[in-house]
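Below you'll find the structure, written out as structure tokens, and then a few comments.
The values are calculated or read from the model by the stated rules, or taken from the named source; none is laboratory data. As the structure is a prediction and not an experimental result, all values here were calculated from the model. Using ideal geometry, Cβ is built from the backbone for each residue, glycine included, and neighbour counts are taken over all protein chains shown. These accessible areas exclude ligands, DNA and RNA; they are computed on the full protein's heavy atoms, side chains included. Shrake-Rupley method; radii C 1.70, N 1.55, O 1.52, S 1.80 Å.
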Amino acid sequence: MPAVGPVVCVGETMVALAPAPAESLEMAEGLRLSVAGAESNVAMYLADLGVPVSWQSAVGDDALGRRVIAAVGAAGVDVSGVRRDPDRPTGLMVKEPAGAGTRVHYYRGGSAASAMGPEVLADAAVRSAALVHLSGVTAALSPSCRNLVTRALTPPPGERRQSVSFDVNHRAALWQPGTAADVLRDLADRADITFVGLDEAQDLWGADLTTDDVRKLLPHPPLLVVKDGGRGATAFAEDGTWTVPAPRTEVVEPVGAGDAFAAGFLAGLLRDGDIPRALRLGHITAGSALKVTADRGPLPDDSTIRRLLAMTPGEWEILAADGPPPSGAAEDGTA
């Protein structure tokens with residue numbers, strides 16, 4: 001279990017452009033501008049849940065970079081450690097509505113964040129954190145970013161100062177063909193807390209994998225959370241296994257729900273260490289992302305969250321089966 005204390009999330013956040021959900025990218029007259037990044041999504045939800053959190057990254061010394069920093073900071077996240085790069089731009093992504101999903105186009109090659117390396121880990125906020133959160137997105141950005149993730153997960157003997165959580169967050173568009181599976185499995189197996197979706201595990205490591213098979217593939221994390229879309233999530237720990245179903249919800253867009261789930265679970269774990277309640281809080285938080293087109297939506301009020309967390313297992317099962325649902329836990333489709 002991570003110690004109680006501040007969390008640091010490390011990774012790239014981009015400016016995202018998207019037409020209205022019902023419009024095609026080809027025909028749209030205007031595009032909505034927002035910010036999008038797996039690790040900053042986690043950071044903002046952690047701040048919403050009352051966890052002291054900072055975000056470490058790099059952006060261009062440009063208007064888009066200032067927009068990113070302002071947006072993440074406005075959510076209550078400490079952004080004082082974000083570096084402004086005078087020579088490299090802020091990353092950009094464009095969302096294209098495509099039938100039942102969203103296609104994503106990245107313009108992040110040579111971005112400021114792609115130049116990050118292990119030196120980020122020397123920052124005072126990182127060294128004093130109780131928990132550092134990373135994802136496979138960062139490992140895909142560049143060799144130096146992969147070194148950053150690898151170093152965080154495999155510090156020299158005696159220098160491990162905090163717990164490290166890692167979300168596999170496989171984004172096929174960021175990887176050269178045939179390279180992601182081995183790298184992500186190795187990194188995921190080194191973390192203290194690992195998150196992976198069953199669907200992405202099947203895409204990476206075998207179409208017939210079950211939740212239990214994923215644990216066999218990743219035996220070393222003291223805490224492994226396997227998310228099975230809107231059906232539920234299972235946590236494997238050294239002293240037991242817990243599965244908590246996801247309350248049903250109408251899905252407006254699944255983008256950002258995986259990050260929201262990770263934030264809710266980590267917040268619950270830091271709150272009292274109770275794994276089933278942490279899984280519930282993950283589902284509740286994911287539901288706020290599922291109900292909006294943006295990566296981040298409003299959480300239920302505190303009294304509603306307390307009531308949901310206090311339910312008996314039987315009451316929660318009824319909620320998951322019949323509704324009215326407060327949330328769901330689908331995977332997100334962007335970075």
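Listed values, structure above:
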quantity: Residue-span extension gain [W175 to D208] - 0.36 nm each, minus C-alpha spacing; calculated: 9.6 nm
quantity: Theoretical ellipticity at 222 nm over the chain - DSSP helices of four or more residues, -39500 (n - 2.57) apiece, nearest 500; calculated: -10500 deg cm²/dmol
quantity: Positive-end extreme of charge dipole, the chain - chosen from L319, L187, A235 (charges on Cβ); calculated: L187
quantity: Within the chain, percent of DSSP bridges classed antiparallel, to nearest 5; calculated: 45
quantity: Radius 11 Å from Cβ of V59, net charge of other residues (Lys, Arg +1; Asp, Glu -1); calculated: +1
quantity: Top positive-direction residue, dipole computed over the chain with Cβ charges, set V4, W175, A98; calculated: V4
quantity: Positive-end extreme of charge dipole, the chain - chosen from A278, L218, S144 (charges on Cβ); calculated: S144
quantity: Unit charges on C-beta of K, R, D, E only; dipole of the chain, Debye; calculated: 580
quantity: The chain - percent of accessible surface contributed by carbon and sulfur, probe 1.4 Å; calculated: 51
quantity: In sequence order, calculated HN-Hα J values of segment 236-242 (Karplus, 6.51, -1.76, 1.60; Hz; x Gly/Pro); calculated: 9, 10, 5, 10, x, 9, 10
quantity: Relative contact order, percent, segment 225-284 [alpha-carbon distance under 8 Å, six or more residues apart]; calculated: 29
quantity: Helical segments meeting 20 Å axial Cα length and Kyte-Doolittle -0.5 threshold in the chain (DSSP H); calculated: 257-272, 275-290
quantity: Label-point separation, R231 to L217 (7 Å along Cα→Cβ), nm; calculated: 1.5
quantity: Cut-off 13 Å (backbone N to label point 7 Å along Cα→Cβ of S80), residues of segment 105-143; calculated: 124-126
quantity: Mean accessible surface per residue for segment 178-294, computed with a 1.4 Å probe while every protein chain stays in place, in Å²; calculated: 36
quantity: Cα-centre dipole for segment 50-105 with unit charges at Cβ (Lys and Arg positive, Asp and Glu negative), debye to 20; calculated: 120
quantity: Shape category assigned to the chain from the gyration tensor of Cα positions, a/c cut at 1.5; calculated: rounded
quantity: Ordering of 10-22, 296-308, 104-116 by burial proxy (mean other Cβ atoms within 10 Å per residue, highest first); calculated: 10-22, 104-116, 296-308
quantity: Segment 141-227 shape via C-alpha gyration tensor axes, a/c threshold 1.5; calculated: oblate
quantity: Between segment 198-267 and segment 129-164, the alpha-carbon center distance in angstrom; calculated: 21
quantity: Rounded accessible area per residue of segment 55-142, 1.4 Å, Å²; calculated: 40
